[in-house]
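The values are calculated or read from the model by the stated rules, or taken from the named source; none is laboratory data. This structure is a prediction, so every number in the text was calculated from the model and none was measured. Methodologically, a virtual Cβ is constructed for each residue, glycine included, from the backbone with ideal geometry; neighbour enumeration extends over all protein chains shown. Side chains are part of the model used for accessible areas, which takes the heavy atoms of the whole protein and leaves out ligands, DNA and RNA. Shrake-Rupley method; radii C 1.70, N 1.55, O 1.52, S 1.80 Å.
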Amino acid sequence: MNAVAEGFKSFTDRKGGESADYRSEFADFGDVAYLNASLQGPLPLVAVRAAQEALEWKKRPDVMADSVYFELPDRIREKVSRLIGGKPEEFAVTSGASAGLAAVAAGIDWKPGDEVLVGKGEFPAHFSTWLRYEQAGKLRVRVVEPRGRFLTPEDYIAQMGPQTRVISASYVRFDNGARLNTPPIAEACRKFGTALILDLSQCAGGMPIDIHATGATMAVASGYKWMLGPYGCGFFWIAEEWIERLPLGAVYFMALEGAHDFHSMFKHQLRPVPGARRWDSPETANFTNLAAYDASLDLLLRIGIDSVAQHVDALTAKIVERLPREKCVLASPEEREGRGPYVCVSARKIEETMALYEKVRAANVHVSFRENAIRCSPFLYNTPEQIDRLIAVLSA
């Protein structure tokens with residue numbers, strides 16, 4: 001029995017919500033309350049075993065089947081498609097969100113006057129991706145300023161025009177947990193022929209997503225957060241009707257037709273395969289990474305994304321409901337539908353937030369500090385009692 005099958009447990013008696021306990025699927029954190037999935041999702045034990053098994057393949061390559069080079073990435077495509085929607089052939093396997101963004105930037109035939117819209121305070125990859133193209137005079141990056149506390153569809157739409165080639169945006173923001181209402185933006189994008197690229201790094205695996213319902217034309221994600229994969233894995237999704245519209249930049253040789261039949265590859269015409277696999281990152285079948293990523297996706301799918309979300313929502317709701325408002329403020333949207341799978345809080349006196357963060361970390365409650373806010377992102381391995389610990393520190 002392989003590591004993935006060995007690690008599976010029955011979830012039929014788990015009902016989700018606060019009563020569900022998935023801690024046995026993860027390492028023992030001891031006295032640490034790890035509320036930081038938005039920084040790094042810990043590898044489940046089954047994924048650790050899968051990675052160890054893959055290391056054995058490298059130690060003894062003679063026992064590794066040639067089919068692994070294609071079957072392992074294809075399993076990732078199939079499982080991610082079940083997680084967020086879309087077809088497996090619409091997914092490229094990448095090393096993370098930045099790799100997907102880079103593929104888009106390298107493929108577009110930029111024209112003078114082209115613009116990319118990026119929201120103020122976005123994750124740095126949404127700026128660095130376009131930097132050298134802007135410096136070369138191929139495009140202009142325009143920063144969208146929010147008119148209120150959080151960015152809205154109207155903020156983006158007000159800046160759009162025929163020159164807008166790309167909107168590069170996080171579906172859930174890394175700094176405040178705000179979820180972008182994308183359908184109105186997507187409608188405006190269709191009017192101008194604009195590509196809407198969503199970064200799903202801070203939500204894929206942590207909440208239900210229907211990628212088609214977002215209206216996105218493309219999406220990227222890093223797999224090491226809510227999808228519980230190793231660092232250096234992820235995906236790039238592109239809507240089927242855009243696959244032939246987006247030119248290729250660099251092409252990995254195993255994304256060419258005939259790559260399965262390597263010894264006679266040059267008998268074939270050298271052209272990219274159909275579908276999104278043409279954008280696979282080089283060395284796609286990164287065995288230790290993808291074997292672990294595959295096992296983590298299996299775990300999430302076995303639990304079920306609705307049960308995952310129910311568990312996470314119960315914990316984050318407890319933070320919101322019990323937040324000591326005389327000392328703290330919610331730095332995320334109050335409305336549940338306006339947030340992703342986590343929340344951010346600040347001290348009521350904003351200049352005291354760093355000291356509050358340090359106090360929380362000193363109490364062995366592991367959170368992140370982002371844009372003068374404390375980011376609290378509980379996941380499957382957390383319990384209501386650990387939220388009580390957090391609230392106790394914030395209240396002291």
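Regarding the stretch 294-316, can at least one residue be identified that is farther than 17 Å from VAL393 by Cα, of a type in the set (Asp, Glu) and open to solvent by less than 20 Å² (accessible area, probe 1.4 Å)? Yes; the residues of the stretch 294-316 include at least one that is farther than 17 Å from VAL393 by Cα, of a type in the set (Asp, Glu) and open to solvent by less than 20 Å² (accessible area, probe 1.4 Å).
In the stretch 195-222, what residues are part of a strand (DSSP E or B) and either within 8 Å of the chain's Cα centre (by Cα) or without any contact (Cβ under 8 Å) to a residue 40 or more places away in the chain (or both)? Those that are part of a strand (DSSP E or B) and either within 8 Å of the chain's Cα centre (by Cα) or without any contact (Cβ under 8 Å) to a residue 40 or more places away in the chain (or both): LEU196, LEU198, ASP199, ALA204, VAL220, ALA221, SER222. Right, ARG142: over 21 Å from LEU200 (Cβ atoms), outside any loop (DSSP other than H, G, I, E, B), open to solvent by 40 Å² or more (accessible area, probe 1.4 Å) and in contact with a Ser or Thr (Cβ under 9 Å, 6 or more places away or on another chain) or not? Criteria met by ARG142. Against the test of being closer than 23 Å to GLN202 by Cβ, at pLDDT 95 or above and in a loop (DSSP other than H, G, I, E, B), the options LEU356, LEU380 yield a single qualifying residue, LEU380. Cβ-Cβ distances below 9 Å connect the following pairs, each with a first residue in the stretch 19-37 that is free of Cβ contacts under 8 Å to residues at least 12 places away in the same chain and under 18 Å from ASP388 (Cα atoms), a second residue that is in a helix (DSSP H, G or I) and open to solvent by 10 Å² or more (accessible area, probe 1.4 Å), and a separation of six or more residues or different chains: SER19/ALA314.
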